[in-house]
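First the structure, in the form of structure tokens, and then the observations on it.
Every number in this text was worked out from the coordinates using simple rules, so none of it is lab data. Predicted model, so just to flag it, every value in this text is computed and none were measured. Reconstructed Cβ throughout: ideal geometry from the backbone, glycine too, with neighbour counts over all protein chains shown.
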Amino acid sequence: MELKTGYKRTEAGIVPADWLDCTVGDLIKFEGGSQPDKSHFKQSWIPGYTRLIQIRDYKSNKYETYVPSKLVRRFCEESDIMIGRYGPPVFQILKGISGAYNVALIKATPASQINKEYAYYFLKQDSLFTFIDKLSQRSSGQTGVDLKELRAYPLSLPPTQVEQEAIAEALSDADALIESLDQLITKKRQIKQGAMQELLSGKRRLPGFSDEWKVKTFGELFTFSGGYSASRDQLSTEGYCYLHYGDIHGSTKSSIDAHSEYLNIPKLKIPLKQVSPSSLLKDGDVVFVDASEDYDGTSRHIVVVNKGNEPFISGLHTIVAKSKTNELVNEYKQYCFKTPSIHQQFHFYAVGTKVSGISKTNISKLTLPIPSSPEQVAIAAILSDMDAELVALESRLAKARSIKQGMMQELLTGRIRLL
């Protein structure tokens, strides 16, 4: 491959001809933490220290919380660059932490010829991350960072602090945009959560609505049935759409659309006559999980959108709720089961220790306040608009992260020069 004018081939790849050929060890000094002795720490609060640490007792294999005593010097400040030593995931580049010695952390101190902010991004390069990740996979035990091999890894460096600062500033600006979007999304989610709690409980009424709400049991609103049991190993890309309870647990969405999401829904290849009609999902059906590893998961559910009546099988560990009446609007179903009151009722009836779950008998006992259909439509419209805004912001965030990743690849290899 012919080299572009002004570039050279090095162990680190093709880089600008004036960039310096270095290794990571030439530019970064690494200092590993160590497991401190308990005598250096106290379990009581010490004024001026806000960081608690956990120390493992290797005999009992338990952790106890301590506060560093004044005899232990601080290992890192918030401005320091730190590496998470053990994984998975391995090789985490961290900033904004401070504290005393910690066996799980490595402090990275840049040499004088490399700008500190540039060094932070320098260590986050894809090529270096991939290298460390491959090293970690050689071990059959706990993954970790091999400092000797890390120091020897070849990388190239812009020759002047001015160019390094320009690159670091561009990437820092990209990070600032990502952080601002992240914060905005968090704020919008909190606003939506507050709106749900008020609108779905009747504490806040929309203009034009004053009718008293009814309270119905789930048993009055739905008939309940189980799903068709199939393991994850039986699923593929062929057959009929299949809703596995694990996919409900793993989803952040309120609904699943059998038509628009068809290609992404796992399939089960089976004669449809083997499946009970009660396990076939229709438009507006609500599917609850009947098992969870934690209490919060016991109320997980998803509403089915299936206007084309596609064959859609409810699967393992699911409870299918089919409406008996038209009292609940389908769009409203996507929100009305997410209130603290409903969560508390699920927790009350959940049984089990390591795995908690709820039965069809108990789920029928839960109660739900119901506004009129027009008010349900109005509430659902407001919450749906909030969801749409969140989706748009999350799309912007994903795009910003992708752009920043591309910037790192171009700027840190010199394919694009800012000066």
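Overall dimensions of region 214-370, expressed as equivalent-ellipsoid semi-axes from the Cα gyration tensor (√(5λ), whole Å, largest first), are 24, 18, 14. Report, in listed order, any pair from K187/K216; K324/K360; K269/K338; K214/K338; K192/K404; K214/K333 with a Cα-Cα distance greater than 22 Å. Listed pairs above 22 Å: K187/K216; K269/K338; K192/K404. The string of couplings for region 377-382 from the Karplus curve (6.51, -1.76, 1.60, θ = phi - 60°) is 4, 5, 5, 4, 5, 5 Hz, one whole number per residue in order, with x for Gly and Pro. With R₀ fixed at 30 Å, the C-beta to C-beta distance from Y7 to E169 puts the FRET efficiency at about 0.80. The ranking of F348, F30, F222 from fewest to most other beta carbons within 10 Å of each one's beta carbon is F348, F30, F222.
Given R0 = 22 Å, the distance between the Cβ atoms of N326 and L206 translates into a calculated FRET efficiency of 0.55.
How long is the gain from A398 to S231 if the chain were fully straight, where each residue apart is worth 0.36 nm and the alpha carbon distance is subtracted?
Gain in length upon complete extension: 56.9 nm.
Inter-part distance, region 287-319 to region 212-229, computed on C-alpha centroids, equals 14 Å. The gain in end-to-end length when the Q183 to Y262 segment is fully stretched comes to 25.2 nm, 0.36 nm per residue minus the alpha carbon separation. The order of S231, S384, going from fewest to most other C-beta atoms within 10 Å of their C-beta, is S231, S384.
For the peptides 239-246, 206-213, residues were scored by their other Cβ atoms within 10 Å and the scores averaged per peptide; the highest-first order is 239-246, 206-213.
Taking a virtual spin label 7 Å from the Cα of Q197 along the C-beta vector, which residues in region 336-376 bring their backbone nitrogen under 19 Å of it? Answer for this model: 336-348, 369.
With neighbour counts taken as other beta-carbon atoms within 10 Å, the residues E394, E117, E375 rank, fewest first, as E394, E117, E375. Here each label is just a point 7 Å from Cα along the line to Cβ, and for S372 and R151 those points are 7.8 nm apart.
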